[in-house]
1. Between rounded, prolate and oblate, where does region 101-167 land on the alpha carbon gyration tensor, with a ≥ b ≥ c its root eigenvalues, rounded for a/c under 1.5, else prolate if a/b exceeds b/c?
2. When only Cα pairs under 8 Å and 6 or more residues apart are kept, what is the percent relative contact order across region 4-178?
3. Give me the one-decimal nm value for the distance between modelled label points at Ile7 and Gln78, 7 Å along each residue's Cα-to-Cβ direction.
4. Whole Å is fine, so just give me how far the alpha carbon centre of region 1-40 lies from that of region 68-112.
5. HN-Hα J couplings of region 150-163 from phi, Karplus 6.51/-1.76/1.60, θ = phi - 60°, integer Hz, Gly and Pro as x?
6. For region 28-179, give the magnitude of the charge dipole about the Cα centre (Cβ charges: +1 Lys/Arg, -1 Asp/Glu; no others), in debye to the nearest 20.
7. For region 124-139, in order, what is each residue's ³J(HN,Hα) by Karplus, 6.51 cos²θ - 1.76 cosθ + 1.60 with θ = phi - 60°, in whole Hz (x at glycine and Pro)?
8. Angle check, please: helix 164-178 long axis (alpha carbons) against the longest principal axis of the chain (alpha carbons), in degrees 0 to 90, nearest 10.
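Laboratory data are not the source of any read-out in this text; all were calculated from the coordinates shown. Since the model is a prediction, treat every value here as computed from it, not as a measurement. Glycine gets a Cβ as well: all are built from the backbone with ideal geometry, and neighbour counts include every protein chain shown.
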Amino acid sequence: MWGSDFIDLLPGFARRFQDELSDVRVFRRQSDGLAENVLIYVAGQARDGFPALWLGWDPAVLGQPTTEFFDCFPAAVQTFLREVHPGFTAQDWESYGIKRPDAWESLEGYDWFPSESFDEIESQPSQMMWFTKDSGQLYYCVNSRLPGKVTLAYEGNFDPPGEFGAELDELLMRRWDEQ
């Protein structure tokens with residue numbers, strides 16, 4: 001189901017997820033007359049003793065992602081979002097994975113990043129979008145100027161861009177340690 005190129009992009013997470021995976025359930029959600037299926041993956045326990053869960057959205061309901069930031073992701077992630085799960089997150093729908101494309105929006109209008117912060121990374125808010133976060137306020141952003149890279153944002157500051165796979169793999173591994 002998950003392509004080898006996606007698994008290769010996230011080697012630490014893929015290995016531990018496969019080792020810890022104990023159950024997968026289908027959850028049917030209805031909202032505003034729309035019914036959608038979500039796979040709930042149970043993969044070990046988080047630090048708090050509760051199950052570590054991930055939600056995988058059904059591509060049949062969301063259709064093909066066509067948002068402006070789609071090309072910012074590596075090809076393996078684009079394929080995963082198109083064919084496997086157009087959204088794969090913890091149960092809050094936004095952390096430890098990749099938010100659903102229909103929830104993507106640029107950082108334009110977010111007041112928690114002063115304009116000087118964008119000057120330092122030579123980007124505009126409209127060029128950036130956060131696609132996931134940790135359990136706190138560390139946001140993982142893609143930048144239309146830097147496809148395949150991730151910029152970490154925290155309290156109005158940006159870290160230098162890093163490699164997408166390495167950054168996401170590290171975040172997903174932390175899911176077991178942070179809750």
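1. Rounded is the answer for region 101-167, as its axis ratio a/c remains below 1.5.
2. 20 percent
3. Each label point lies 7 Å from its Cα, and together they span 2.3 nm.
4. Between the Cα centres of region 1-40 and region 68-112 lies a distance of 14 Å.
5. These are the phi-based 3J(HN,Hα) values: 10, 10, 8, 10, 8, 6, x, 10, 10, 7, x, x, x, 5 Hz.
6. Charge dipole, region 28-179, about its Cα centre: 660 debye, nearest 20.
7. 10, x, 5, 8, 10, 8, 8, 10, 6, 7, 8, 7, x, 10, 9, 9
8. For 164-178 against the chain, the angle is about 60 degrees.
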